[in-house]
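Every read-out reported here was derived from the displayed coordinates using simple, explicitly stated rules and does not represent laboratory data. In this text the structure is predicted, and so the values were computed from the model without any measurement. Cβ sites come from the backbone with ideal geometry, for glycine too, and all protein chains shown count toward neighbours.
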Amino acid sequence: MIIRKALDSDLDDILSVERAAFDGEDGAEIVQKLLGDDSAQPIVSLVAFQENRTVGHIFFSRATLEPNAPLSLSILGPLAVVPDAQRQGIGGKLIQKGLDILSESGVDLVFVLGHSTYYPRFGFKPAGNLGFEPHYPIPEKNADAWMVQELRPGIIGNFRGKVICADSLDDPQYWEE
Ligand SMILES: CC(C)(COP(=O)(O)OP(=O)(O)OC[C@H]1O[C@@H](n2cnc3c(N)ncnc32)[C@H](O)[C@@H]1OP(=O)(O)O)[C@@H](O)C(=O)NCCC(=O)NCCS
């Protein structure tokens, strides 16, 4: 399996992966919006290949903290692996590679809204009780789905606030977990 940064020419394959994984347009729609969104920059977009076929994709976009803080933030999502290639560790490798790239580029905190039993395997912890509010409120019963990971030690506990996502994610329908 090969993971590399996505090229413009990967777009159709990425959209196919998103459609297959999410069984609908949500993932593909978010990717297309984020790619044209200056407020999402810098982005990290990675693709996974198996036997010359695109089987996975991960996207990270920029976020900011309110009140303003001297921190670099990123939000993970969407993450997609085609159904017949799932449970082979591809999702995990995409997450890890993405975190390595973000860490090297100086990102301090990475957030995700997602499966609360999946992302903790890769170092994410519930963010709400660590002082980080999501862009839109998450119902209490799903509060653990809003998670954070620090890539630079010493941030969590010293900063708190509301995480402001890129403009194209500023839509309550994307924050229903
Ligand atoms: C979630 C997803 C990216 C995982 O990709 P993957 O390549 O299968 O992941 P990995 O192989 O690294 O990990 C597989 C493990 O994740 C678990 N997992 C998959 N989906 C999960 C979910 N919704 N909740 C909790 N655990 C989940 C699997 O049960 C498996 O567990 P096991 O190791 O105990 O067998 C993939 O299932 C997918 O694309 N799903 C549809 C789109 C989606 O939900 N994206 C994430 C949005 S938050």
> Which whole-Hz couplings ³J(HN,Hα) result when phi for each residue of segment 44-60 is put into the Karplus expression 6.51 cos²θ - 1.76 cosθ + 1.60, θ = phi - 60°, listed in order with x for Gly and Pro?
Replying inline: 10, 10, 10, 10, 10, 10, 9, 6, 6, 10, 6, 10, x, 8, 9, 9, 10
> Cα axis of helix 26-35 to longest principal axis of the chain: angle in degrees, 0 to 90, nearest 10?
Replying inline: 70
> Helix 11-22 sits at what angle to the longest principal axis of the chain, using alpha carbons and giving 0 to 90 degrees rounded to 10?
Replying inline: 70
> Taking the Cα atoms only, what angle lies between the long axis of helix 90-104 and the longest principal axis of the chain, rounded to 10 degrees?
Replying inline: 50
> Dimensions of segment 2-175 along principal axes (Cα, Å, largest first)?
Replying inline: 45, 32, 30
> With each pseudo-label sitting 7 Å past Cα toward Cβ, what's the Glu66-Glu177 distance in nm, one decimal?
Replying inline: 1.9
>> If each residue of separation counts as 0.36 nm, what is the full-extension length gain between Arg53 and Asn158 once their alpha-carbon separation is subtracted?
In response: 33.4 nm
